[in-house]
Each structure stands twice: as C-alpha cells, then as structure tokens.
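This report refers to the structure that appears directly beneath it.
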Amino acid sequence: MFKKILIANRGEIACRVIKTAKQMDIATVAVHSEADKDALHVLSADEAVAIGPAPSKESYLVMDRIIQACKDTGAEAVHPGYGFLSENPEFARRLEVEGIVLIGPGPQAMEAMGDKITSKKLAKEAGVNTVPGHPDAVSDGEEAVTIANRIGYPVMLKASAGGGGKGMRIAWTDAECREGLERARNEAASSFGDDRVFVEKFIEEPRHIEIQVLADTFGNTVYLGERECSVQRRHQKVIEEAPSPFLNAEVRKAMGEQAVALAKAVGYRSAGTVEFIVDRGRNFYFLEMNTRLQVEHPVTELVTRLDLVELMIRIAAGERLPFAQEDVRVRGWAVESRVYAEDPFRNFLPSIGRLWSYREPQESQYVRVDSGVMEGGEISMYYDPMIAKLITYGVDRSHAIQHMRRALDEFHIKGVSHNISFLAALMAHPRFHAGKLTTNFIAEEYPNGFHPADLPSEDPRLLIAVAASVHRAYQDRAAKISGQMSGHEREVSLEWVVFLGRERYHTRLEPIEGGYNIEIDTAPHQILTDWNLGEPLLRGRMDNRPFCMQIERFSFGYRMLHAGSQVDALVLAPHIAALQELMPDKQPPDMSKYLLSPMPGLLVSLAVEEGQEVKEGEILAVVEAMKMENVLRAERDGVVKSLATKPGDSLSVDQVILEFE
C-alpha cells in the first residue's frame, strides 16, 4: 500500500480524498494556487505545495508543477479527483514515465472514453446502445446546420472533451445551431483546451441515468447499481439519487451489463461511470463514460456501504476487488443536493465573496456533508461555485427526501448568495416526489426562471409564533437589564402584533416551561425551544411538531428562513402597529435605462456602440463567470446612449455596462 499520495485537485473533492486516505493511514499532500493558500484542503492535508497563481491554467492544470510536487514530497501516487487533469491522458502518461501511480484508469482507456466521439464508436462496437448522431466533430456552423437537418431537430451540440455542462447547447432551429456551436466551442476551448464539438439527436423527455463501475487489474469488473441524475439546469446536475425511481430490475441489469461490457472492451481499471440517456419507454442509449470519480459518488456509497475512494486506492496499489457482482447489495435510498454559490432569484448567477458565517447540518447516519470550505473562507471567481454537497439517506425514497428537507433548513450560509431556497423548492415539488423526472424538469416547471412565488407555501402560524416568541425573549432580556431599579421595574407586554408583509396578526404569549403558550388571532398554540438569543438556528416544536428555522434579527424585525422561504417579520406593540399601517411604501429607483452586470465576471465582448439602435432580444454583451459565457440581451427596443465599460474589464455585480437613451 502507498505511504503517501498527492491530491491534484482542490475544494470538496480534495477534502474527500484526504479523509479516506487518513482512515487508511496514508499521508497526504495537497497542492494549491495562490487563491487557495488558506483553503480547507490545504489545512487538512499533512503537507501542502504551492503550484502557481489563481487561474487554474497557471496552477491546477500545469502538469510539470504537480509532478515536481510529487518528487519534492515523495508522493508515490496521485489522486486527480474530478475536473482539471482527472481525464487527461497526457497527464497519465507523464506520471507513468516518472514512475508515479495514477489512482485512476490507464491513459489508453482514458483517451478512448474521454473523447465523446471515439467513445461512441467503441461503445457501438462493444454492443452498447448509442444515440443517433454524427460520428465526427463539426468544422463550422453551416456543417452543423446540415447535420442537424439530416438528424432532425432538436439536436445537442456537445464538446468532445466536455463535462459538467460546459460546452453544451441544445438547438431547435438553424439560427440556434449556429450560435450554439460558437458558444459551445468557446466554452470548450476555455474549459478543456479542446474546441471540438459534435452533433447528436436530442432525445425528448429524457432521463439521465448512470451506472457506477469498478474494475481491477485482474479482469474483475462489477457495476454498483445506478444513479438518477435527471434534475439538471443548463446540463449541470442539481439533484442526484440512488437508486433510480424509474428503472425496473430488468432494465437495471441490462444497463449494468452493458456498462461492464464497455469497461472490459477498453481494458478499464479503477472507478468509472457509464452515462445513459433513457426515454419514456425505458429504452437506454450510451452518452459517455467518465473515467474518474463522479461528483455524485456519495449516493452510491451510502446505498452500497462501499468507500469508492478507498477501492480506487487499493486497485491502484495492485489489489483485487474484494467482492464479485453477486455480492453487491443496494439498501435504502440516498439523495444528493449540490449547494452552489449562486443566486436562484437572479437566473442562478454566480456569487463570490467571503463566507462570514457558515454552519453545516450535523452529520449522522442519515446526513452527510462533503465540503471544501469553512467559515471565513472565500468563494473565488476562478473556480467552480460549488460550496458543498449535502447527502441524505433513508430506508426509502420518501424518508431520504424528508431528511434532506430538514438538513437544508439547518444549512446556514452568510456572505454569498446560495441556492438552498431552490433546492428546498425542488424537494417539496409534487412532481419530484412522484419521481416523474426528465432532464427538462427544471425548464418545464420554472420556464420563466425561479422566483419567490415558486417557493412552497408556508403555514404563516409557525412564522408568526417564532417571530413573536423570539421578540418576547429579547424583550425579557432587555427588561432584566434596564428594569433593575426598585420602583422602576419594567414589565414586558403579553400582546404583540406581527406583520408578515402587509398582513398583520395579533398575538398573546404566556411563558411556560421551555417556551410559550401563544394565541394567534385567538387560536391557541404552543411553541417549545431551547434556543439561545443570537443563535442563527432555532430548533423547536410547535404544537408537538418539530421544526428547524434560521433566524436573524434586524431593528424591530426578524428575517426567517424555512423550507427555502425567506420571510421578514416586524413585531410591534399594538399602539405602534396602528401607526405602522400609515407608513408609505418606499419605491425602488428606476434602473430600466441601464444594462447592469448580473454577476461578477469578465466582460468578454460588447456587441453594440454608442448611438446604435437595438431591438428586443438582440445581443448586447457577453459576460464570462465561472468559465461559463452568459449572453445579455436587450429586453426591449432602444438606443444606446453611452458605454460605461469595455471588453476585458472585470465587472462587479450590478455594475453599469451601458446606458440607454
């Protein structure tokens, strides 16, 4: 077994590998860019080596520096995680030459399966079902349109070396095909250094289901069941689960056997994932093989009780798989939510900044958190915006979802925008509960984006009771501080008015052991909690039903986050509440004459000039953030008055790009 390994990655996956290595008594080496010098994976490893500036192309993608770090520290093997160099056959060959073991597949299998065009040809030869499409990369927009018309719209434009939703576009018309090809090629070149794009038929009402395989160097290959990854946004997975609520035993077995056949055909070793697209009739087609550990591997680990990272390390060290296919058992259900630094209410635009408050849900046999951040850490514009992966387990799908909903309530993040509200809405969605999923689920259910109105409706009584009882607790403390002089004792009122928006509710609270009896507009309730003033999480029971809520005090009000909803409550004495209703509403300033940057990022291009007339839907600018190009279009006809920025400028959120007349 290895004595020391280097993790050629960052963030949560680096921390994940370090955790298993420590359990195996293997020393670990972290590598880091200048931006990550104080990151959690650096602090968690036994040693750390700086490998360059913040941009990944100058640090995490520089093979020479990683190989030199192995030599300097005596690391015998490298775990590449996912992304960066994890599927780069040149890196695998370089390690072989240097006598350093890659904890992953060999370069031949990596090269064959890492290229989507080549992999489809090999899959077809191995008897694996494949999607109709053009077998080679397209050279320009006109060729893409010709192929698309032959295959029939809609088509998928997909980067040959792509992954993680980058370099992918769906086209329904010739115009979308031409523009989509340009965007896909730009993203592919930026993210992978390879701008080849191919065209294939886009299957409507598809489900994305993948098979986890494991293979050792002795010819033993097994599959560990499937993962349903259909809940996606812009081809980026959001929710994953194992097993799939859609497959039956017959289809599951057929998909697993085809995945194993493909792995054997290319002499695969280590962990890998064969991805399929499945139509409404449970017909399945090969998409690609990921020759690395997947982001969503924890759901497989929870239902199989296997540590995939440990098995990868043991296989790389020359050990046999300790079990056969007939020994694989899937028990219970697991769900994973990807927690991203993004604003779901602003079209999921990336968010960067410092995590000035960060608390993860408490881990248990039902809750697991894989993260690479900590309180005080930075979410950088240079890397993927993932904060953490939240994984829950249950005896069945319903219980796993229940645990996820509770854990999302307990996930406290301040300093950057995040998508927990969106994840909570998905967990509460009737269609998700029914398992009626396709890769179009999010686009179909939220066609105009995600808005506060899309959040699940909350019983206002819980919010009212919490706001009133928390306010009463603060008033009790204030009375003890300021009412200590004899004859000037301060009595705290029993009655308070709670405003939720423009709605007002009269409450009366009577203290009891561990909480309050509370009347809400004369209806009796009871709330019990051991919450302490100032804590961000409030756990308790209302009418004997458990709940967890995040709460923050401001002025006379309280901001509460529960089940994805954010609600501001104002708590006032009755005589002040009467005056509050007379206060006018403050109107926001009119910013309709400005094009604002919706995110921090790089202004790639400006498509207009001063004095130019523009029409609704016309491209105005392209902003790149987190390696994704975001096209900004005119919302209505107008004339450009002035340009406030130029291509190449770094933009902050809401920075003015241009002004209209």
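Observations, loosely collected:
- Among the residues examined, Ala35 does not qualify as closer than 30 Å to Leu355 by Cβ and not in a helix (DSSP H, G or I).
- Note on the stretch 332-356: residues that are in a strand (DSSP E or B) and modelled with pLDDT of 95 or more total 8.
- Within the stretch 639-657, the set of residues being closer than 18 Å to Met591 by Cβ, assigned to a strand (DSSP E or B) and modelled with pLDDT under 90 comprises just one member, Leu651.
- Within the stretch 88-136, if we keep just the residues that are of a type in the set (S, T, N, Q) and within 19 Å of Gly267 (Cβ to Cβ), the residue that is farthest from the chain's Cα centre (by Cα) turns out to be Gln108.
- Consider the stretch 313-343 and keep the residues that are closer than 18 Å to Val101 by Cα and of a type in the set (Gly, Ala, Ser). The one that is surrounded by the most Cβ atoms within 10 Å (Cβ to Cβ) is Ala316.
- Of all the criteria given as (1) closer than 22 Å to Ala92 by Cα; (2) crowded, with 23+ Cβ neighbours inside 10 Å; (3) in contact with a Leu (Cβ under 6 Å, 6 or more places away or on another chain), the one not satisfied by Ser270 is (3).
- Residue list for the stretch 254-267, restricted to those being farther than 21 Å from Val131 by Cβ and not small (Gly, Ala, Ser): Lys264
- When Lys57 is tested against the conditions (1) over 20 Å from Val295 (Cα atoms); (2) part of a strand (DSSP E or B); (3) within 26 Å of the chain's Cα centre (by Cα); (4) not small (Gly, Ala, Ser), the lone failure is (2).
- Conditions (1) out of contact with any strand residue (DSSP E or B) (no Cβ under 9 Å at 6 or more places or on another chain); (2) on the phi < 0 side of the Ramachandran plot; (3) not aliphatic (A, V, I, L, M); number of the one not met by Arg397: (1)
- Residue within the stretch 20-30 that is over 22 Å from Gly318 (Cβ atoms) and either in contact (Cβ under 8 Å) with a residue 24 or more places away in the chain or not assigned by TED's automatic domain parsing to the domain that holds Glu624 (or both) present: yes
- When residues of the stretch 412-444 are limited to those that are part of a helix (DSSP H, G or I) and of a type in the set (Gly, Ala, Ser), the one nearest to Phe348 (Cα to Cα): Ser421
- Hits in the stretch 329-349 (condition: closer than 22 Å to Leu306 by Cβ and not polar (S, T, N, Q)): Arg329, Val330, Arg331, Gly332, Trp333, Ala334, Val335, Glu336, Arg338
- Criterion: among the aliphatic types (A, V, I, L, M), more than 16 Å from Leu437 (Cβ to Cβ) and buried (at least 21 other Cβ atoms within 10 Å of the Cβ) - qualifying residue of Ala259, Ala249: Ala259
- For Glu363: the one exception among (1) at pLDDT 95 or above; (2) within 30 Å of Ser650 (Cβ to Cβ); (3) not hydroxyl-bearing (Ser, Thr, Tyr): (2)
- Elements of type strands (runs of 3 or more DSSP E) contained in the stretch 449-523, each with 1 or more residues being on the phi < 0 side of the Ramachandran plot and surrounded by fewer than 12 Cβ atoms within 10 Å (Cβ to Cβ): 503-512
- Looking at Asp64, Asp36, Asp46, just one residue is acidic (Asp, Glu) and buried (at least 23 other Cβ atoms within 10 Å of the Cβ), and that residue is Asp36.
- Any hit, the stretch 416-423, residues being surrounded by fewer than 21 Cβ atoms within 10 Å (Cβ to Cβ) and in contact with a strand residue (DSSP E or B) (Cβ under 9 Å, 6 or more places away or on another chain): no
- Within the stretch 60-83, the set of residues being assigned to a helix (DSSP H, G or I), in contact (Cβ under 8 Å) with a residue 24 or more places away in the chain and of a type in the set (D, E, K, R) comprises Arg65, Lys71.
- Complete set of residues in the stretch 216-226 that are in contact with a Pro (Cβ under 8 Å, 6 or more places away or on another chain) and touching a residue at least 40 places away in the same chain (Cβ under 8 Å): Gly225
- In the stretch 378-411, the residues that are in a strand (DSSP E or B), farther than 16 Å from Ala424 by Cα and over 13 Å from the mean Cα position of the chain (by Cα): Glu378, Ile379, Tyr393, Gly394
The values are calculated or read from the model by the stated rules, or taken from the named source; none is laboratory data. Note that the structure is a prediction, hence the values are computed from the model and not measured. Methodologically, a virtual Cβ is constructed for each residue, glycine included, from the backbone with ideal geometry; neighbour enumeration extends over all protein chains shown.
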